[in-house]
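Taken together, the values in this text are just the output of simple stated rules run on the coordinates, not laboratory data. Computed from a predicted structure; not experimentally measured. Methodologically, a virtual Cβ is constructed for each residue, glycine included, from the backbone with ideal geometry; neighbour enumeration extends over all protein chains shown.
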Amino acid sequence: MAMLIIKTLDISAKEWFDKVNGNSYFSAQITINYGMKTAKIIYLPFQYGYGDHFRDMAFKKLQELGYITATERISYWRAYQEQNIIARHTKQEKCLKRDVIAWGCE
């Protein structure tokens, strides 16, 4: 089986802020090759993190699954640039907890 060639990455996250404890949580969906026959969705489940942390965790997941290979420690933006991947990142803030949990599930 040939390895999937990534042309585009669309990483869409939702974030919930726990006002009681002062922590932020997110979940995300990573869409590889959106709109193409080779499209695939990978889910990042509900987890602690704020700001752009979802970008780093998405990159880590892609590495774990073997979609992105790097022989050295490298940032996500540099890896995408070197492999000619068009990457788009979006995050919706102030979501309900139940919506964030659901977003990270298949």
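Could you pull out every one of the aspartates and glutamates with an alpha carbon less than 17 Å from that of LYS61, ignoring same-chain neighbours closer than 8 positions?
Leaving aside aspartates and glutamates fewer than 8 places away in the same chain, those within reach of LYS61 are ASP10, ASP52, GLU72, GLU106.
Going through the range 21-103, which GluC sites (Glu not before Pro) have at most 15 other Cβ atoms within 10 Å and a DSSP loop state?
GLU72, GLU93
Once the other residues with Cβ under 15 Å from the Cβ of LYS7 are scored (Lys, Arg +1; Asp, Glu -1), what is the net sum?
+1
Helix 53-64 versus the longest principal axis of the chain: what is the Cα-based angle in degrees, 0 to 90, to the nearest 10?
40
Which trypsin sites (Lys or Arg not before Pro) from the range 10-69 combine a DSSP loop assignment with at most 12 other Cβ atoms within 10 Å?
Passing both the DSSP loop test and the Cβ count: LYS19, LYS37.
So how far, in whole Å, is the C-alpha centre of the range 52-106 from the one of the range 30-45?
Rounded to whole Å, the Cα centres lie 11 Å apart.
Give me the log10 of I(q) over I(0) for the chain at q = 0.12, 0.14, 0.15 Å⁻¹, as the Debye formula computes it from C-alpha points; what are the numbers?
-0.41, -0.55, -0.62
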